[in-house]
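Below is one structure, written out as structure tokens; the observations come after it.
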């Protein structure tokens, strides 16, 4: 007992001596201050980047250096909230840049965190804890650092660190592009995303989250202007679904008993690959003799903009209304596909393996004309299996099987089924959680990159499952539209550049006896 008391007293004396040193050791505090705004503040983004696959724009956020200089002149009670805001903005920029989201879309869908897998939730927890640790260090850093010679010494270190990083990145830019950067050139801000990265691409040091967030917001405002123009002048945009239905002759002049079923599959992160072999491998399931004997197979690509909701707006409404779908008035959506087909007697069904509150699909699906909606909880109650990934949700192959069983039953009315897939949402599991083999040796680019290989296997899994439905027993001729929503948002810029930044591919299967001349 006495030994325990002695140990506790010794520990308390050690803590007291350390606290006294904390108050008096100016050099230690100066070093801590510099590390706080050069290294520690970046830890949440580094961890989140690894866990969630954020696009890499540089190791060190320049805003933290600027905030460190400001913190030398403001009290700690003000510096700490500013630091929290900057860390949050840095993380938000990573989310928006990586997943084609606007700031508003990012903030209004924070509730999607509850659908994360256990591993992802652990990652979120670690990011939050590390952020709190950084804020604690900022709050405990004494005000003595911001006085006299200490202030000048710390400011010099922060400025020197920023200048060295800037010079390094300047050398990287010149090596990669062959010319000096011109910040006044309107396209210069996009050059870094378009060049082919060389040796220095993985060593880029500075990222400018604030400027990128401002650009995201500017692009969102431009989109809002387009939406206002849409509200007064409905200008269509190219889609895969619209020409497919025209080719199938779906319209008011067709008898109800002759109307085909329509299945629209929006494939998560299916982009147009620059590797012809990889692109061909993903459409191979639809080019089998059994498919071509029953369907006319059409291939092509359509422009994409924004994230998955924008892809849904493109295919269901034929417009760039995008995120405005969430709060659009019914009159704005009167011309969208579900409402038009419902007027022809179609049963309209929307299915998605995630929670219906994600992007408020449970609300605007109803407004847009879907009479029935099924989400993760509905499929779980029916016994469909879950798959892990970026989000916990119903397995794509399970939903595909559910669609096949539904199409096999004659329900009296034709059906429109709109399905947004889930499992290929990046970052993907490594390796994917299924036993079926999808060898990546079919294309050089896939064989040389594990992330590309895993992405390919997940998308190929969807394509094969849809092809099986198309070859199965169907109660009524069925038009299948399989189309990508956006390019895969790989964190590695070199991998991103292997896909078109403008277009996504599509496959259309037109039942031969329900096919008219495409136009």
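Coordinate-derived values only; no laboratory data. This is a predicted model, so every value here is computed, not measured. Using ideal geometry, Cβ is built from the backbone for each residue, glycine included, and neighbour counts are taken over all protein chains shown.
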- Query: What ranking do 172, 77, 455 get, fewest neighbouring Cβ atoms within 10 angstrom at the top?
  - Reply: 77, 172, 455
- Ordering 475-485, 350-360 by per-residue average of other C-beta atoms within 10 angstrom, highest first, gives 475-485, 350-360
- When the Cα atoms of segment 297-356 are enclosed in a convex hull and the volume is divided per residue, what value in Å³ results? 133 Å³
- Item | Segments 327-339, 371-383 sorted - mean Cβ within 10 Å per residue, highest first | 327-339, 371-383
- What relative contact order, as a whole-number percentage, does segment 305-397 give when Cα pairs under 8 Å and 6 or more residues apart are counted? 22 percent
- Item | Mean Cβ count within 10 Å, highest first, over the residues of peptides 30-41, 441-452 | 30-41, 441-452
